[in-house]
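I have placed the structure first, in the form of structure tokens, so that the comments after it can refer back to it.
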Amino acid sequence: MSFDLTPTIAQHDLAKRAHEFAEQVVRPVAADYDARQEFPWPVLEEAAERGFYSPLFYRDLIGDPTGLSLPMFMEELFWGCAGIGLAVVMPALALSAIGQAATPEQMLTWAPECFGSPGDLKLAALAISEPEGGSDVRNLRTTARRDGSDWIIDGHKMWIGNGGIANVHVVNAVVDQELGHRGQALFVVPGGTPGLELVRKLDKLGCRASHTAELKFTGVRVPAANLLGGDDKLEHKLAKAREIVEGGRRSGSATLGTFEQTRPMVAAQALGIARAALEYVTEYANRREAFGAPIIDNQGISFPLADLATRIDAARLLTWRASWMAATGVPFDRGEGSMCKLAASEVAVDTTERAIQTMGGWGYITDHPVEKWYRDAKLYTIFEGTSEIQRIVISNALGAADGKPPMHVDLEPTGGPLNAWFGRGTPARTRVANAALDARDKVPGPVMNLAMKVLRPPRR
Ligand SMILES: Cc1cc2nc3c(=O)[nH]c(=O)nc-3n(C[C@H](O)[C@H](O)[C@H](O)COP(=O)(O)OP(=O)(O)OC[C@H]3O[C@@H](n4cnc5c(N)ncnc54)[C@H](O)[C@@H]3O)c2cc1C
């Protein structure tokens, strides 16, 4: 499937329905949930009614071979409110981790448990980060040890979306200390399992409608069936890890690159915030008058907005490219997932900050949503890998590529024999063009017109 910016009819409709949901249901209540820092259950119910809260919906979007459905949906939803958006899509992040690790039977068991159904909603959480190790996932200290046919999990997790209130917690834990980050495995811990404690709900700067928590695991017992991927896959993974460790090979950027494929999802969320702020503040600058004219007439106001519009579009292209790569299995050799997350999150922060500046005092108070968007956007340079971590992934990839040309040079080309012989830029085509030009005075007009038709750029 080649990379194509034209949406399909289904994608167009999806983006339209997601935008309507964001505009009619999410935006009107966003400020209230933010102020009260309360979980938006009624909005989740409405999302479920509209088909936006179900495992099949997200599996379908992840499976879209163009890669564009998921980022399009995310951008529209998060245009409404990032806090509520996170509450809606958090189970999809857990589902994505389950999808990468689980057996098909485990997927069938746990995917419905992550979402529930309208009227009986369920929640899911992905618990990786710990108080001592967010960026450095090699430093995770939560352990899982085998006890007969069960696993016993002990540890401490921090900043966990839906933590403690979720029906399904996907938890990573070290099963073999000596293998470092390669000795980790993912487990499902159902909500309410004895020993799983919600220590506290965290009080956040932004994205306050989402629930984020500190968790403790004390002797949490889960059956062997809750080890994602199962015993054989774990044994195989550990054996391979031992070979690497005993062989003294470096672990490279594998750990930091683990989330490369999910980063476009998060980047698209940041783009939703950035776009919301740019649209809002452009309208404001068109109407707000100072010194007898709309403030947008000042280049001091309009040029920064022009730069941000350019960066938002560039970040969207990076995001869609990374999403297309994930969908079509193109390897992320140059840190393309990190590039989109870095560009999108930083432009979201810069756009929302500029929105406040452009609105002056009105931007600084809660009468307008831009101060909230600024607080929301800041999360995006921190979670799913901080900006510094994205730069590490990209620079490691740069170093490993050692001067390799850009990605498109390495991609398997498309096109048939006619394209190979007479495609644009081929020597045969150039020869024909030159011959036609040389013969322009000798060849009858209609024949010349025909030749020019073949050579001219395509017209719509
Ligand atoms: C609201 C919120 C929601 C979250 N949701 C989840 C969730 O659902 N599940 C989950 O598992 N986690 C979640 N996280 C955790 C998040 O992923 C981590 O906070 C993040 O990875 C950063 O880890 P840290 O906070 O420990 O920072 P640290 O790793 O301690 O980093 C501190 C600073 O040092 C920098 N730094 C670290 N190492 C380097 C280096 N080698 N070179 C240069 N700079 C470096 C970092 O970039 C950062 O600026 C969430 C966090 C927040 C705030």
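Every read-out reported here was derived from the displayed coordinates using simple, explicitly stated rules and does not represent laboratory data. Model, not experiment: these values are computed from the prediction. Cβ sites come from the backbone with ideal geometry, for glycine too, and all protein chains shown count toward neighbours.
Note down the relative contact order for region 256-415 as a percent, whole number, built from C-alpha pairs under 8 angstrom at least six residues apart.
It rounds to 31 percent for region 256-415.
Ordered by residue, what ³J(HN,Hα) values in Hz, to whole numbers, does region 298-303 give under the Karplus form 6.51 cos²θ - 1.76 cosθ + 1.60, where θ = phi - 60° and Gly and Pro are x?
7, 5, x, 8, 7, 5
Where does region 82-173 land on Rg(C-alpha)/(2.2 N^0.38 Å)?
Normalised Cα radius of gyration, region 82-173: 1.14.
Explain nothing, just compute: Karplus ³J(HN,Hα) = 6.51 cos²θ - 1.76 cosθ + 1.60, θ = phi - 60°, for every residue of region 442-453 in order, whole Hz, x for Gly and Pro.
9, 8, x, x, x, 5, 4, 4, 4, 4, 5, 4
Using only Cα atoms, find the angle between the long axis of helix 104-115 and the longest principal axis of the chain, and express it within 0 to 90 degrees, rounded to the nearest 10.
90 degrees
Angle check, please: helix 387-401 long axis (alpha carbons) against the longest principal axis of the chain (alpha carbons), in degrees 0 to 90, nearest 10.
Long axis of 387-401 versus the principal axis of the chain: about 60 degrees.
Straight distance only, please: which aspartates and glutamates reach the Cα of Lys404 with their own Cα at less than 12 Å, same-chain residues fewer than 8 apart left out?
Partners found: Asp333.
DSSP loop chymotrypsin sites (Phe, Trp or Tyr not before Pro) in region 255-327 with at most 16 other Cβ atoms within 10 Å of their Cβ, which ones?
Sites meeting the loop and neighbour criteria: Phe291.
Translational diffusion coefficient of the chain at 25 °C, 0.890 mPa s, Stokes-Einstein with Kirkwood Rh over Cα pairs, in µm²/s as a whole number.
The calculation lands on 100 µm²/s.
In whole percent, what relative contact order does the chain give with Cα contacts below 8 Å and a gap of six or more residues?
15 percent
Net charge near Arg242: determine it from the other residues with C-beta under 11 Å of the C-beta of Arg242, scoring Lys and Arg +1 and Asp and Glu -1.
Counting the neighbours of Arg242, the net charge comes to -2.
What is region 66-211's relative contact order, in percent, from Cα pairs under 8 angstrom and six or more apart in sequence? Each step should come with its number before you reach the end.
Details: 221 pairs, mean separation 33.8, N = 146.
So the answer I get is 23 percent.
Between the helical axis of 263-287 and the dominant principal axis of the chain, each derived from Cα atoms, what acute angle in degrees is found, rounded to the nearest 10?
60 degrees
By counting other Cβ atoms within 10 Å of each Cβ, how are Met448, Met339 ranked from fewest to most?
By the 10 Å Cβ count, ascending, the order reads Met448, Met339.
Putting +1 on Lys and Arg Cβ atoms and -1 on Asp and Glu Cβ atoms, find which of Thr218, Ala101, Pro71 reaches farthest to the positive end of the dipole of region 68-227.
The residue sitting most towards the positive pole is Thr218.
Helix-derived [θ] at 222 nm for the chain: sum -39500 (n - 2.57) over DSSP H runs of at least 4, divide by residue count, nearest 500?
Computed mean residue ellipticity for the chain: -16500 deg cm²/dmol.
Rg (Å, one decimal) plus Dmax (Å, integer) for the alpha carbons of region 274-383?
According to the Cα coordinates of region 274-383, Rg and Dmax are 16.1, 56 Å.
Less than 14 Å Cβ to Cβ from Pro7, Lys/Arg counted +1 and Asp/Glu -1: what total charge do the surrounding residues give?
The answer is -2.
Restricting to bridges with both residues inside the chain, how much of the DSSP beta-bridge set is antiparallel, in percent to the nearest 5?
85 percent
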